[in-house]
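Everything on this sheet refers to the single structure shown next.
The values are calculated or read from the model by the stated rules, or taken from the named source; none is laboratory data. Here the structure is a predicted model, which is why all the values come from computation and not from measurement. Neighbour counts are summed over all protein chains in view; Cβ atoms, including those assigned to glycine, are modelled from backbone coordinates with ideal geometry.
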């Protein structure tokens, strides 16, 4: 079977769009989130999207299939909040292994179906690893700047558990995404390297930071270039940015790193900036038109969408991506 490294040399690969945006369309109720198994659970579960891999697996499967049909080469597992740290909000720390394993299994089944149908276009599954809801390098308390809500080691242990479950479920790639604090990401990358050593495996790692505002920095204060430098000691498949900004606002940050690394470059921007209601109005055509500028400047190897993007956005992006050659990379499997 073709590897992701081989495919990256052939063409620009397309990542899927937003999982949350798609799930909102289902208008799932508290009852839907709970399913039969959690009907008596003591806390509210509505909003725990990762749980839907257990209670509404068909919906998750359908969303993955829609993105593959739209032209995606890579889909992300429904595991953005799949750590004990993030699941503490729902008192579901004990379910973390199962949530990640089932999410990976569902995604892999769909990917295998599409690869079997179209062997010339192999499909891949990226295990989505989110940033958690804590930050290791800043205090959440303005009156106590030295305080930390989480330690490096707590993050490492949580990420290790998530990584093991995703790999057991069959993911092809690990995607450490929406990184707003590079120290959190380093704990995750450290955990992944531990698992690789223990299992004697080599799994491709995608790393995607997020530039939070017009300052052009991550939440923990790094510029795009500083972010790249601080993670370049790890053998990555790709480095890039996602979320927070629309495609046009993200472009200068991709330009800042594209000619400074041999890693592949990835981007999955939002469908513009949210409106007053927190919704995204940018059309698939608008998004694709902005993203085409990336291709013209030879910035990109992997492209997809984040908040507000749908299968229609991914189709528009994939159609444009097909016209361009990928940026040259020097990465070995």
A careful count of residues in the stretch 64-93 that are more than 12 Å from residue 162 (Cα to Cα) and surrounded by fewer than 24 Cβ atoms within 10 Å (Cβ to Cβ) gives 10
Filtering helices (runs of 4 or more DSSP H) wholly in the stretch 23-73 for at least 3 residues that are in contact with a strand residue (DSSP E or B) (Cβ under 8 Å, 6 or more places away or on another chain) gives 57-70
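Only residues that are in a loop (DSSP other than H, G, I, E, B), touching a helix residue (DSSP H, G or I) at 6+ places or on another chain (Cβ under 7 Å) and under 21 Å from residue 178 (Cβ atoms): list them for the stretch 246-271, please. Talk me through it step by step, then tell me what you get.
Going residue by residue through the stretch 246-271, those that are in a loop (DSSP other than H, G, I, E, B) are 259-263, 271.
Now restrict to residues that are touching a helix residue (DSSP H, G or I) at 6+ places or on another chain (Cβ under 7 Å): 260-261, 271.
Answer for the stretch 246-271, where residues must be in a loop (DSSP other than H, G, I, E, B), touching a helix residue (DSSP H, G or I) at 6+ places or on another chain (Cβ under 7 Å) and under 21 Å from residue 178 (Cβ atoms): 261, 271.
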Residue check, residue 229 against (1) closer than 18 Å to residue 307 by Cβ; (2) at pLDDT 95 or above; (3) out of contact with any helix residue (DSSP H, G or I) (no Cβ under 9 Å at 6 or more places or on another chain), all met but one. Which one? (1)
Looking only at the stretch 102-152, filter to residues that are without any contact (Cβ under 8 Å) to a residue 40 or more places away in the chain and under 19 Å from residue 192 (Cβ atoms); which one of those is surrounded by the most Cβ atoms within 10 Å (Cβ to Cβ)? 152
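Does residue 61 satisfy the criteria of being within 21 Å of the chain's Cα centre (by Cα), over 19 Å from residue 170 (Cα atoms), modelled with pLDDT of 95 or more and crowded, with 16+ Cβ neighbours inside 10 Å? Let's see the steps before the verdict.
Working: within 21 Å of the chain's Cα centre (by Cα): yes; over 19 Å from residue 170 (Cα atoms): no; modelled with pLDDT of 95 or more: yes; crowded, with 16+ Cβ neighbours inside 10 Å: yes.
It is false that residue 61 is within 21 Å of the chain's Cα centre (by Cα), over 19 Å from residue 170 (Cα atoms), modelled with pLDDT of 95 or more and crowded, with 16+ Cβ neighbours inside 10 Å.
Quick check on the stretch 204-217: of everything there that is assigned to a loop (DSSP other than H, G, I, E, B) and at pLDDT 90 or above, which residue is farthest from residue 307 (Cα to Cα)? I'd like the intermediate steps shown before the answer.
Here is the first cut: in the stretch 204-217, the residues assigned to a loop (DSSP other than H, G, I, E, B) are 204, 210-216.
Remaining after also requiring at pLDDT 90 or above: 204, 210-211.
Details: 204: 24, 210: 12, 211: 14 Å.
Applying the filter and picking the extreme gives 204.
Pull up the stretch 204-225, narrow it to residues that are more than 18 Å from residue 299 (Cβ to Cβ) and surrounded by 15 or more Cβ atoms within 10 Å (Cβ to Cβ), then point me to the one that is nearest to the chain's Cα centre (by Cα).
Step one: of the stretch 204-225, the residues more than 18 Å from residue 299 (Cβ to Cβ) are 204-205, 212-215, 217-222.
Restricting the remaining residues to those that are surrounded by 15 or more Cβ atoms within 10 Å (Cβ to Cβ) gives 204-205, 212, 217-220, 222.
Numbers: 204: 14, 205: 11, 212: 16, 217: 19, 218: 16, 219: 18, 220: 19, 222: 20 Å.
Among those residues, the one meeting the criterion is 205.
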